[in-house]
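This report refers to the structure that appears directly beneath it.
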Amino acid sequence: MMRRAMFVLGLALGTLALAPGVALAHGVGGRQDLPIPLEWSLLVAGVVVVGSFVLLGSLWTEARLQDGPRARPLRAAWVGPVGRVLAVLGVVFFVVALLGGMIGSGSPTRAMSPFIVFVLFWLVVPFAGALLGDLYTIVNPWRTVGKGAAVPERPVPEGLGVWPAALAFLAFTWLELVATRGSEPRSLSIAIIVYTAWIVFWVARYGLDNGLRAGDTFTTYNRVISAIAPFGRSPDGTLVWRGWLRALPVLPQWRGLTPFVLLMIGTVTYDGLSSSIRWDNWFGTTARTTWFASLSLVGITAIIGAAYYGASWFAARLGEVDRPAREVADSFAHTLVPIGLAYAFAHYFTLVLFEGQKLLSTVSDPFDLGWNLFGTVDWNIVYWFPSDAVWWVQLGSIAFGHVLGVVLAHDRALVDFPKRNAMRSQWAMLALMVLLTSLGLFILAEG
């Protein structure tokens, strides 16, 4: 059956590969640079998503992912030493980012702290975690330092769940996308101090593990994304092979996790829209005011959330089950994780490729004090990735992320609804996924 699943994915992506070449997208070009109409790309991506849904209905007739990971221990003596090195680096980078606003020139383009926070910490670690497993647990400086604190673990109230982490996620993305001076080292130093106090509060209240899960947005963010990865750890810490996607369907349905995942999609959507020329044409100078940007960030996320809860309501009606929309939404929240990752990767992978090279220059002068510790301070960014390839990666990641979402939703529907209604229950979800696919590509082309 898994071979059939791979056939479904392969055929869907094969359809994508047959599309004519499309060049230049988000961060590289715009709508006017596309050599063929954008509508063609939207059509092809829609066919991929709908086609995968149809094929799954005929080839994937039994749930195969709901029993969770099938852990197989891996022999890897190097994992321990590498993990200790990464943990030390996590603390070192934390200290550098913290000091970035206290010493040096405070330049957001020459200091190291913006690179640490917005590229390494926010993008590189989660992207790598989707392939290799939860790296953040290893590099998390608050966890590394907090291991020495003897704070007993206490249960987090069920109603609280990960709502604090979701609130912190919104605050961080506001700092990144809305705050006019959010990328300045001084602002980041203040944010790090405030956020450290936030984490200390939750750890002191519920213990290191439970406190980080409840209050640390990066713990939750990396945990849900790394659930895609085939690697994980057993309760005793042993590295295991668990299989692709298998940890996603068994993610705990904490209160607030569904809004958290919707924030992953909504905030990136806002970033793409607000960065486009069309956005400025629509709203003019108002678009750059803090109050309007803040309302837009929340409003766009709320619209996407309303669409998802509406699709969940239709799923219950079409599946002929007496379940509230919120319960269905929580049950299918994990199916949005590949979409959230695809949105983030499509929008920001060029940022990682190009701005990531600043590690080589800023590491020699992390505080912009005129140092040249490793002789690399004059390293210039090399824009080596072809623009045509940028668009193909973006188009492919958006389409593939939604195909994975369709696979996960179909597999869960086979369990949550009577089998005769499983396909029908997903009609509204399919429409939402096609809509999100189209929206994502439209934003990329306009950016």
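For residue 204, state whether it is under 21 Å from the mean Cα position of the chain (by Cα) and among the aliphatic types (A, V, I, L, M).
Against the criterion (under 21 Å from the mean Cα position of the chain (by Cα) and among the aliphatic types (A, V, I, L, M)), residue 204 does not qualify.
Determine which member of the set 385, 374 is part of a loop (DSSP other than H, G, I, E, B), modelled with pLDDT of 90 or more and surrounded by fewer than 20 Cβ atoms within 10 Å (Cβ to Cβ).
Just one listed residue meets the conditions, 374.
Residue-by-condition table, conditions (1) free of Cβ contacts under 8 Å to residues at least 60 places away in the same chain; (2) surrounded by 16 or more Cβ atoms within 10 Å (Cβ to Cβ); (3) polar (S, T, N, Q):
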| residue | (1), (2), (3) |
| --- | --- |
| 248 | no, yes, no |
| 252 | yes, no, no |
| 281 | yes, no, yes |
| 291 | yes, no, no |
| 296 | yes, yes, yes |
| 302 | yes, no, no |
| 311 | no, yes, no |
| 322 | yes, no, no |
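Given (1) modelled with pLDDT under 95; (2) buried (at least 16 other Cβ atoms within 10 Å of the Cβ); (3) not in a loop (DSSP other than H, G, I, E, B), identify the lone condition not met by residue 25.
(3) is the only condition that residue 25 fails.
Starting from the range 181-204, keep only residues that are under 15 Å from residue 169 (Cα atoms), then list their pairs with residues that are among the acidic types (Asp, Glu) whose Cβ atoms are within a distance under 7 Å, requiring at least 6 positions of separation or different chains.
These pairs meet every condition: 182/176; 199/216.
So which of 203, 240, 194, 250 is among the β-branched types (Val, Ile, Thr) and either on the phi > 0 side of the Ramachandran plot or in a strand (DSSP E or B) (or both)?
240
Considering the range 224-246 alone, what residues qualify as being surrounded by 23 or more Cβ atoms within 10 Å (Cβ to Cβ) and either without any contact (Cβ under 8 Å) to a residue 24 or more places away in the chain or not aliphatic (A, V, I, L, M) (or both)?
Listed by number, the list holds a single entry, 226.
For the range 130-189, give me each residue that is within 29 Å of residue 242 (Cα to Cα), basic (Lys, Arg) and in a loop (DSSP other than H, G, I, E, B).
Those that are within 29 Å of residue 242 (Cα to Cα), basic (Lys, Arg) and in a loop (DSSP other than H, G, I, E, B): 147, 154.
The values are calculated or read from the model by the stated rules, or taken from the named source; none is laboratory data. Because the structure is predicted, anything quoted here is derived from the model rather than measured. Neighbour counts run over all protein chains shown; Cβ positions are idealised from the backbone, glycine included.
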